[in-house]
Amino acid sequence: MGTSVQVTPLCGVYNENPLSYLVSIDGFNFLVDCGWNDQFDPSLLQPLSRVASTIDAVLLSHADTLHLGALPYAIKQLGLSAPVYSTEPVFRLGLLTMYDQYLSRKQVSEFDLFTLDDIDSAFQSVTRLTYSQNHHLSGKGEGIVIAPHVAGHLLGGTVWKITKDGEDVIYAVDFNHRKERHLNGTALGSFVRPAVLITDAYNALNNQPYRRQKDKEFGDILKKTLRAGGNVLLPVDTAGRVLELILLLESYWSDENLNYPIYFLTYVASSTIDYVKSFLEWMSDSIAKSFEKTRENIFLLKYVTLLINKTDLDNAPEGPKVVLASMASLEAGFSHDIFVEWANDSKNLVLFTERGQFATLARMLQADPPPKAVKVVVSKRVPLVGEELIAYEEEQDRIKKEALKASLMKEEELKTSHGSENNNSDPMVIDSGNNHVPPEVAGPRGGGYRDIFIDGFVPPSTSVAPMFPCYENTSEWDDFGEVINPDDYVIKDEDMNQIAMHGGGDINGKLDEGAAGLILDTKPSKVVSDERTVQVKCVLVYMDFEGRSDGRSIKNILSHVAPLKLVLVHGSAEATEHLKQHCLKHVCPHVYAPQIDETIDVTSDLCAYKVQLSEKLMSNVLFKKLGDYEVAWVDAVVGKTENDMLSLLPVSEAAPPHKSVLVGDLKLADIKQFLSGKGVQVEFAGGALRCGEYVTLRKVGDATQKGGGSGAQQIVIEGPLCEDYYKIRDYLYSQFYLL
């Protein structure tokens, strides 16, 4: 049997709900993503609550609420205690995303599902990995290797590769093959024939226009609205796709010489951009090369102003403006308040750059046709005054007195419980049970002095005598004085991270001033809510800047990867069924689309065994380097070691000859480049490669056919037997390893 693999969806199948899946590999339980929606609906986490205590490791793929929003709550309330793995940007930007979510909610409700301390505590357990870094698990996960790879959707976004005994399980959701301004395309296409691929059907029914056309339409509608005297609201996420939009706006403003103000408004806007400036190595190759040449950081913004509270926006100069504000769902945050203010003006534009989450205000406004009026709840936090303030202070005093009384009673119980025990064990302890205190000691306030004696001389149960502690100095000394260990004075990275996180996660250990002021504001307050009907007269437009591969590209990528087994998650029922039927015909015969809490077994059909290679056998084997691997042909017989473990032993007689095998996978484009370097004139014609005047190379067969192996595709050399034919054949053979 191959590696045992089971997949159980906990949330996010046959719908667009948050992503959360249980993947078990040989009994080791991975929680892959731990998402929540912007409504923070606890009912979505019921499947997770049933298995949270059994999770062995958590893998996070993206730094938005849909992929990691439930992590603080799950660790605080559901018993999740496993180590968490992510890339550095997902860790940092995910932390800021959760800060922004909490602060946005706290301003308009008595939000108590988690606190800032819970967020800090949850992210303290995150281990950060770099792209393509192989991390070997230990203990129960011995033999399992995890590695993050580029997803191309958000900064630091991850395609997870989990390897056990040579078999790969790939988790790839929300990937993007297109190279963008600040991100490279996904690395998913570099994986071929994994044992299991888990991917989403979210965009399976959507096709996107060309980027240049889309960017032009985006700029034109902004310019048209601003020149007509209107304002533009872009509801965005905290630290995800908004980065691409910011660069797009900076580029367009520079090209068109526009001077309309642009504002980026979230509770953590400054911290977000500060962090992003330090993540250039995680961005596209063009950004890295540009920085090497000019030493200019692309996120040193020239046209976008960072704001951290709405008062600054209200005080901005009158006139047309563009505002990017969180949250994208319009459920809370600055975008909700701005929409309520601007919706009634027909000159204004609300431009959605991603599909709104299900049952949110943004999704409602994206309907076709859009509603003419919507009911919204407008809430704000106001300080307590008058009788409410007096009642609040009295209640707080009562709570403090009860807490003090409880602590005194507990202290008294401890004294009583330790008194008799300590009196019997140590003759130096004053008898606290003796009520006959000498009058010259007690005086008129003997009880008070007696308490002082007891507090000073009754030791805790761990003490051996009523004396001041004496610590022996164990320092080492040499001829030059006391020996100093430099490690004692080095601040560890974990301690630095903890300091930064407790300070709010900013580079300098501080939150933005506005957010910090909100946290430190301890004035008694309450939330006042007002339900009102908003007339939607503004222009509503949706343009796809989600940064996901479209349906056509998804199908091509899946055909190229050609997994042995495919699991589809996260997408509408229609999109999931459409992609499932396509993949059954064109990708592989084993395609699954499980329901919530339905466990499917996707264990490999390969018969894999662990064997020990004997020293006698290995001493006669010649390895040849092939990419990242070394390969060799081995003739052996199967035996057993003293521990009953299977072992490969040398054959006793001469091994029979075997048919030659060419090992390697070469693309025609690579052959063209190689032959050009050898002075051969080559060009593509009709899907084949013309080499010189007489010889043609072409690939035949289909490596992705159902049930087919990776060897079904062959390179065929056509042409007359001449000098060029044999020369090109030798060049071709040199690109493979002959076994």
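The values are calculated or read from the model by the stated rules, or taken from the named source; none is laboratory data. What you see is a predicted model, and the numbers here were worked out from it, not measured in a lab. All Cβ positions, even for glycine, are placed from backbone atoms using ideal geometry, and neighbour counts span all protein chains on display. These accessible areas exclude ligands, DNA and RNA; they are computed on the full protein's heavy atoms, side chains included. Shrake-Rupley method; radii C 1.70, N 1.55, O 1.52, S 1.80 Å.
Odds and ends about this structure:
- Rolling a 1.4 angstrom probe over the stretch 67-173 with all protein chains present gives an accessible area of which 45% lies on carbon and sulfur atoms.
- The label-point distance for TYR489 and SER132, in a model that sets each label 7 Å from Cα toward Cβ, rounds to 4.0 nm.
- Exposure of ASP314 as accessible area (Å², to 10), given a probe of 1.4 Å and all protein chains: 90
- Aspartates and glutamates whose Cα lies under 17 Å from that of LYS659, excluding same-chain neighbours fewer than 8 positions away: ASP635
- Treating each Cα of the stretch 203-360 as an identical point scatterer and summing with the Debye formula, the log10 of I(q)/I(0) at q = 0.11 Å⁻¹ comes to -0.46.
- Which listed pairs, of LYS224/LYS293; LYS214/LYS565; LYS585/LYS678; LYS640/LYS667; LYS289/LYS667, have C-alpha distances above 30 Å, in listed order: LYS224/LYS293; LYS214/LYS565; LYS585/LYS678; LYS640/LYS667
- The protection proxy used here, the mean number of other Cβ atoms lying within 10 Å of each residue, ranks peptides 231-239, 578-586, 175-183 as follows, highest first: 231-239, 175-183, 578-586.
- GLU341-ASN15 FRET efficiency (beta carbon distance; Förster radius 22 Å; 0.05 resolution): 0.10
- In this structure the amide hydrogen of ASN348, modeled in the peptide plane, comes within under 5 Å of the amide hydrogens of ASN231, VAL539, none closer than 5 places in sequence on its chain.
- Accessible surface ranking for ARG381, ARG227, 1.4 angstrom probe, highest first: ARG227, ARG381.
- Solvent exposure ordering (accessible area, 1.4 Å, most first) of SER49, SER559, SER104: SER49, SER559, SER104
- Extension gain for the segment GLN612 to LEU668, taken as residue separation times 0.36 nm less the Cα-Cα distance, is 16.3 nm to one decimal.
- Separation between Cα centres of the stretch 567-610 and the stretch 83-97, rounded to whole Å: 29
- For the stretch 357-362, the Karplus equation 6.51 cos²θ - 1.76 cosθ + 1.60, evaluated at θ = phi - 60°, returns couplings of 4, 4, 6, 9, 4, 4 Hz by residue, with Gly and Pro reported as x.
- Computed accessible area, THR533, all protein chains, 1.4 angstrom probe, square angstrom: 80
- In sequence order, the stretch 404-413 has phi-based couplings of 5, 4, 5, 5, 5, 5, 5, 5, 5, 5 Hz under the Karplus curve 6.51 cos²θ - 1.76 cosθ + 1.60, θ = phi - 60°, and Gly or Pro positions carry x.
- Compactness ratio for the stretch 1-121: Cα radius of gyration over 2.2 N^0.38 Å (N = residue count) comes to 1.05.
- The heavy atoms of LYS672 offer some 70 square angstrom of accessible surface to a 1.4 angstrom probe.
- Residue ranking by accessible heavy-atom surface, 1.4 Å probe, largest first, among PHE352, PHE291, PHE623 comes out as PHE623, PHE291, PHE352.
- When the P(r) of the stretch 561-694 is calculated, the portion above 22 Å amounts to 69% of the C-alpha pairs.
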